[in-house]
């Protein structure tokens, strides 16, 4: 059972990215906050989406409210999150890693895996490659950007190995050390074991990692309630299985509205922005949608939602027309807290029926031209007049990293 995977996990990525981009923040406690007030202060009711390691001894963690973080760590510096900057830096990190090893797969904005081949699977050689990646990051970026590296027989165990030596560590989990080297892990320390899975394990009398390893393959399948349990049983033993194939079923955006944008008209402008972004992403991924769902949460309570079935489309005009028809039924006197636009029934463009009429083909050419302009000059270059450009800035979904042509990166 050879070592096959070298896993790179960037340490406190958003916070260390700010320390890299702003040298005056290095060696200081930093909290990255998604929402700032118009006068340039962190919103007290917002929370830290990342904190530097310098802030952690005070008890500040990801998810800590701003006011609580300030109480725990009076010297903390709050920084407004800059997703576009983190995406650009992510791609620079990939380039640095590629000077040492090819990147096999990006798993999130702060995690990636490299495949080890041939002589690279020797434990000493693999560790040397890990050290070389750390050196490349320091040389091409800065010492503020550190990573933890795990090397193991498969991706799951390599990720676990990286977690065991945070921050700025390197750990080779050799097959001969399994499973004893992992008995000290709490069940909740395993990637993918949620509260729900903890409850499932508890029902079978499993409360420790060692007890989990004692389960047979069939017993693990019963815990999971599916064949995924057999897959998990093999993965924790070091079997190198291919990643499960995932199929995208939906694509969309939602946004929490600030107090000044909770009217019917203002909420509509934000929804136009969200749907236009979703349509751009749909085309970029080569997909068409057969259903549009628009929804909202109301204040002080209540909800609204509508769905429309469509011929498979990626047309911004078609989708906005469907949205307008739906929005006409939204309560005009209500106060809106959240709006969302979701595209469903997705299919690859090459598998969906193409446009039949010249007008539809012309609209496809127009959308393609608008996408090219926006990729170069930013989302606001060409947009629906009613779109609220200032709302719904880029957010990073950890499992889906925007590429460098994403219009929001240039907005």
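The values are calculated or read from the model by the stated rules, or taken from the named source; none is laboratory data. Just so it is clear, the structure is predicted and the values come from calculations on it, not from any experiment. Using ideal geometry, Cβ is built from the backbone for each residue, glycine included, and neighbour counts are taken over all protein chains shown.
Some notes on this structure:
- Some residue of the range 16-26 being buried (at least 24 other Cβ atoms within 10 Å of the Cβ) and free of Cβ contacts under 8 Å to residues at least 60 places away in the same chain: no
- Within the range 45-65, considering residues that are over 23 Å from the mean Cα position of the chain (by Cα) and surrounded by fewer than 21 Cβ atoms within 10 Å (Cβ to Cβ), the one nearest to residue 147 (Cα to Cα): 57
- Scanning the range 319-352 for residues that are assigned to a loop (DSSP other than H, G, I, E, B) and either more than 23 Å from the chain's Cα centre (by Cα) or surrounded by fewer than 14 Cβ atoms within 10 Å (Cβ to Cβ) (or both) turns up 328, 329, 330, 331, 332, 333, 334, 349, 350, 351, 352.
- Condition check for residue 98: more than 30 Å from residue 131 (Cα to Cα) and surrounded by fewer than 17 Cβ atoms within 10 Å (Cβ to Cβ): no
- From 288, 273, residue being touching a residue at least 60 places away in the same chain (Cβ under 8 Å), more than 24 Å from residue 390 (Cα to Cα) and buried (at least 22 other Cβ atoms within 10 Å of the Cβ): 288
- Only listed residue being in a helix (DSSP H, G or I) and closer than 27 Å to residue 21 by Cβ, chosen from 79, 87: 87
- Among the residues making up the range 163-179, those that are under 13 Å from residue 190 (Cβ atoms) and either out of contact with any strand residue (DSSP E or B) (no Cβ under 9 Å at 6 or more places or on another chain) or in contact (Cβ under 8 Å) with a residue 24 or more places away in the chain (or both) are 163, 179.
- Sole exception among (1) assigned by TED's automatic domain parsing to the domain that holds residue 316; (2) assigned to a loop (DSSP other than H, G, I, E, B) for residue 280, by number: (2)
Rundown of residues vs (1) surrounded by 11 or more Cβ atoms within 10 Å (Cβ to Cβ); (2) in contact with a helix residue (DSSP H, G or I) (Cβ under 6 Å, 6 or more places away or on another chain), yes/no style:
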{"site": "172", "(1), (2)": "yes, yes"}
{"site": "184", "(1), (2)": "yes, no"}
{"site": "193", "(1), (2)": "yes, yes"}
{"site": "196", "(1), (2)": "no, no"}
{"site": "203", "(1), (2)": "no, no"}
{"site": "221", "(1), (2)": "yes, yes"}
{"site": "235", "(1), (2)": "yes, yes"}
{"site": "239", "(1), (2)": "yes, no"}
{"site": "244", "(1), (2)": "no, no"}
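- So residue 282, is it exposed (fewer than 14 other Cβ atoms within 10 Å of the Cβ), more than 21 Å from residue 262 (Cα to Cα) and in contact with a strand residue (DSSP E or B) (Cβ under 8 Å, 6 or more places away or on another chain): no
- In the range 79-95, of all residues being in contact with a strand residue (DSSP E or B) (Cβ under 6 Å, 6 or more places away or on another chain) and crowded, with 18+ Cβ neighbours inside 10 Å, the one that is modelled with the lowest pLDDT corresponds to 81.
- Boolean, residue 296 is farther than 30 Å from residue 357 by Cα, in contact (Cβ under 8 Å) with a residue 40 or more places away in the chain, in a helix (DSSP H, G or I) and touching a strand residue (DSSP E or B) at 6+ places or on another chain (Cβ under 9 Å): no
- Test: residue 356 is farther than 30 Å from residue 299 by Cα, modelled with pLDDT of 90 or more and either more than 23 Å from the chain's Cα centre (by Cα) or assigned by TED's automatic domain parsing to the domain that holds residue 296 (or both): no
- Any chance residue 157 is part of a strand (DSSP E or B) and either farther than 18 Å from residue 17 by Cα or in contact with a strand residue (DSSP E or B) (Cβ under 6 Å, 6 or more places away or on another chain) (or both): no
- Here residue 42 meets the list (1) in the same structural domain as residue 169 (by TED's automatic domain parsing); (2) crowded, with 18+ Cβ neighbours inside 10 Å almost entirely, failing just condition (1).
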